[in-house]
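Written below as structure tokens is the structure these notes are about.
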Amino acid sequence: MVIVVIHTSLKDEELPEKFEETVSKMLADLMDYPVEVYYCIVNTAARIWHDGNYDPFVYVDVITNNRFNDKTNPKYMNPIMQFFRDFMKLPINRVLAQLHECPLSSLGWHRLAPHYAAEKFFRDATIQH
């Protein structure tokens with residue numbers, strides 16, 4: 001599971017078309033996970049103040065398990081920063097990214113066939129009452 005939370009000062013209509021889909025596909029390719037395990041959450045028109053101004057800005061938080069650490073982070077961080085700079089047409093100093101390693105026990109989700117194809121990532125998190 002990969003959760004991508006994006007806060008941007010841009011408005012909905014200022015984002016590139018198919019924004020969430022494009023972001024998820026880029027990260028799926030970069031991280032070698034199937035796109036179906038991505039949750040991409042985008043909050044637009046955020047009030048973000050940085051460097052003494054409210055110029056267009058994006059903050060990207062990528063959360064997953066068993067992927068991020070001091071050794072591997074440069075492999076992911078550099079392409080993520082460059083992607084958002086280019087895709088959103090922002091100066092690099094207006095892009096902030098954070099990689100979060102999260103234990104699976106801290107996440108709850110339900111993913112089984114027929115809605116999901118990648119059996120390796122199946123999880124039955126049915127709550128029993």
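Listed by first and then second residue, the pairs linking a residue in segment 6-29 that is of a type in the set (D, E, K, R) to a residue that is surrounded by 12 or more Cβ atoms within 10 Å (Cβ to Cβ) and at pLDDT below 95, with Cβ atoms under 7 Å apart and 6 or more places separating them unless they lie on different chains, are K25/V35. In the set (1) under 26 Å from A117 (Cβ atoms); (2) under 16 Å from the mean Cα position of the chain (by Cα); (3) surrounded by fewer than 19 Cβ atoms within 10 Å (Cβ to Cβ), I80 fails one condition alone, (3).
Of all residues being in a loop (DSSP other than H, G, I, E, B) and of a type in the set (A, V, I, L, M, F, W, C) in segment 38-77, which is farthest from H7 (Cα to Cα)? Just the residue, please. Filtering segment 38-77 for residues that are in a loop (DSSP other than H, G, I, E, B) and of a type in the set (A, V, I, L, M, F, W, C), the one farthest from H7 (Cα to Cα) comes out as F68.
A quick yes/no check of all residues on (1) of a type outside the set (K, R); (2) modelled with pLDDT of 70 or more; (3) not in a loop (DSSP other than H, G, I, E, B):
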| residue | (1), (2), (3) |
| --- | --- |
| D86 | yes, yes, yes |
| L96 | yes, yes, yes |
| H100 | yes, yes, yes |
| H115 | yes, yes, no |
| Q128 | yes, no, no |
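Restricting to segment 33-76, what's the tally of residues that are over 20 Å from R94 (Cβ atoms) and either touching a residue at least 40 places away in the same chain (Cβ under 8 Å) or charged (D, E, K, R) (or both)? Final tally of qualifying residues: 11.
For residues that are surrounded by fewer than 14 Cβ atoms within 10 Å (Cβ to Cβ) and not in a helix (DSSP H, G or I), scanning just segment 102-113, find the one that is modelled with the highest pLDDT. Ranking the candidates gives P103 first.
The values are calculated or read from the model by the stated rules, or taken from the named source; none is laboratory data. Given the structure is predicted, the values throughout are model-derived calculations rather than measurements. Heads up, the Cβs are rebuilt from the backbone with ideal geometry, glycines too, and the neighbour counts pull from every protein chain shown.
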